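Visitor: Please find one structure pasted underneath; my questions will follow.
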Amino acid sequence: MSHPSEVPPAHGFADQASAIPSHPYYPLGVDLPDYVPNTLDTLSILAIFSTTLAAVLLPVLIFIRRYNPKLSASEIAIALWFVLCGVIHLGLEGYFVLNHTSITSQHATLAQLWKEYSLSDSRYLTSDPFMVCMEAITAWAWGPLSFFCAFAVVTQCPLRHPAQALVSTGQLYGCVLYFAIAQFAEATQGIAYSRPEARFFYGYYVAFNAPWIIIPTALLLQSFGACTAAFKALDAQKGSQNAK
């Protein structure tokens, strides 16, 4: 899989050349004056990303199993999910927040990863106000709290479900707005931020973000159930004490 190639200007036709985009991003003509193409190909970028996540999650999995061998497989999966969130929120999205004005001109690996993903959403290359603000909250609030949630799951901390509900609500709300604003812009203004190829829209834009709608929703329901059960048990205990 390779990058969409930049369109070369037609020699000798300056007026036509000025109208031809010098980058592969949508909407056509979006202004990216400092853009330089990636030096890494798509497969290399995805391999680096996947390998890095695996290098973090595998040792964490081993540690969790040794620290709390009685933890169920589902609870281990939830803890790993929050570690994954913490790494992505702080590392990847934090990088975007700190470098959003210069990503287009950088060759750093994380910058190239963002330029690859931005083929499905060019808002990340234009310092879009919503993207910067939303990602700042995600990085600096949900990032650290995701690590706390992982800790709370493994140690069975009483604060686990309040923290899990808070982070999951924030993730779900941010992701819904992320999708909604882009789709609203396309429906009302005809602005498409993704290239038309299916691998970018469905492979990057939809598939990479869908877990932050599906999993937080499931975790919210789990936390609601746990909190409801806890209050029911407390009410029953108070009722039995009052009956004595």
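Visitor: Condition check: out of contact with any helix residue (DSSP H, G or I) (no Cβ under 9 Å at 6 or more places or on another chain) and either in contact (Cβ under 8 Å) with a residue 12 or more places away in the chain or among the charged types (D, E, K, R) (or both). Does Ser118 satisfy that?
Guide: no
Residues are listed down the side, and each one gets a yes or a no for (1) among the aromatic types (Phe, Trp, Tyr); (2) farther than 22 Å from His100 by Cβ; (3) touching a residue at least 40 places away in the same chain (Cβ under 8 Å); (4) exposed (fewer than 13 other Cβ atoms within 10 Å of the Cβ):
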site: Val132; (1), (2), (3), (4): no, no, no, no
site: Trp142; (1), (2), (3), (4): yes, no, yes, no
site: Cys149; (1), (2), (3), (4): no, yes, yes, no
site: Ala165; (1), (2), (3), (4): no, yes, yes, no
site: Ala185; (1), (2), (3), (4): no, no, no, no
site: Thr188; (1), (2), (3), (4): no, yes, no, yes
site: Ser194; (1), (2), (3), (4): no, no, yes, no
site: Gly203; (1), (2), (3), (4): no, yes, yes, no
site: Gly239; (1), (2), (3), (4): no, yes, no, yes
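Visitor: Residue check: is Val83 β-branched (Val, Ile, Thr) and touching a His at 6+ places or on another chain (Cβ under 8 Å)?
Guide: no
Visitor: I'm trying to understand the selection: among the residues of the stretch 33-49, which are assigned to a helix (DSSP H, G or I) and either within 24 Å of Val154 (Cβ to Cβ) or touching a helix residue (DSSP H, G or I) at 6+ places or on another chain (Cβ under 7 Å) (or both)?
Guide: Residues satisfying the conditions are Thr42, Ile45, Ile48, Phe49.
Visitor: Quick check: anything in the stretch 215-223 of a type in the set (A, V, I, L, M), under 22 Å from the mean Cα position of the chain (by Cα), farther than 30 Å from Ile45 by Cβ and surrounded by 15 or more Cβ atoms within 10 Å (Cβ to Cβ)?
Guide: The answer is yes; a qualifying residue exists.
Visitor: Okay, moving on. Out of all the residues in the stretch 123-167, which are under 27 Å from Asp34 (Cα atoms) and touching a Leu at 6+ places or on another chain (Cβ under 8 Å)?
Guide: Leu125, Thr126, Phe130, Met134, Ala139, listed by residue number.
Visitor: Now for a different question. Can you give me the ranges of the helices (runs of 4 or more DSSP H) entirely in the stretch 65-140 with at least 3 residues that are in contact with an Asp or Glu (Cβ under 9 Å, 6 or more places away or on another chain) and at pLDDT 95 or above?
Guide: Filter on the stretch 65-140 gives 94-99, 129-137.
Visitor: Would you check if Ala77 is among the small types (Gly, Ala, Ser), farther than 26 Å from Thr169 by Cα and surrounded by fewer than 19 Cβ atoms within 10 Å (Cβ to Cβ)?
Guide: Criteria not met by Ala77.
Visitor: Let me ask another. Does Phe231 satisfy the condition of being aromatic (Phe, Trp, Tyr) and in a helix (DSSP H, G or I)?
Guide: Answer is yes for this residue.
Visitor: May I ask you to say which residue of Arg199, Arg195 is among the charged types (D, E, K, R), assigned to a helix (DSSP H, G or I) and over 14 Å from Trp142 (Cβ atoms)?
Guide: Arg199
The values are calculated or read from the model by the stated rules, or taken from the named source; none is laboratory data. Model, not experiment: these values are computed from the prediction. When we count neighbours, we look across all protein chains shown, and the Cβ atoms used for this are built from the backbone with ideal geometry, even at glycine.
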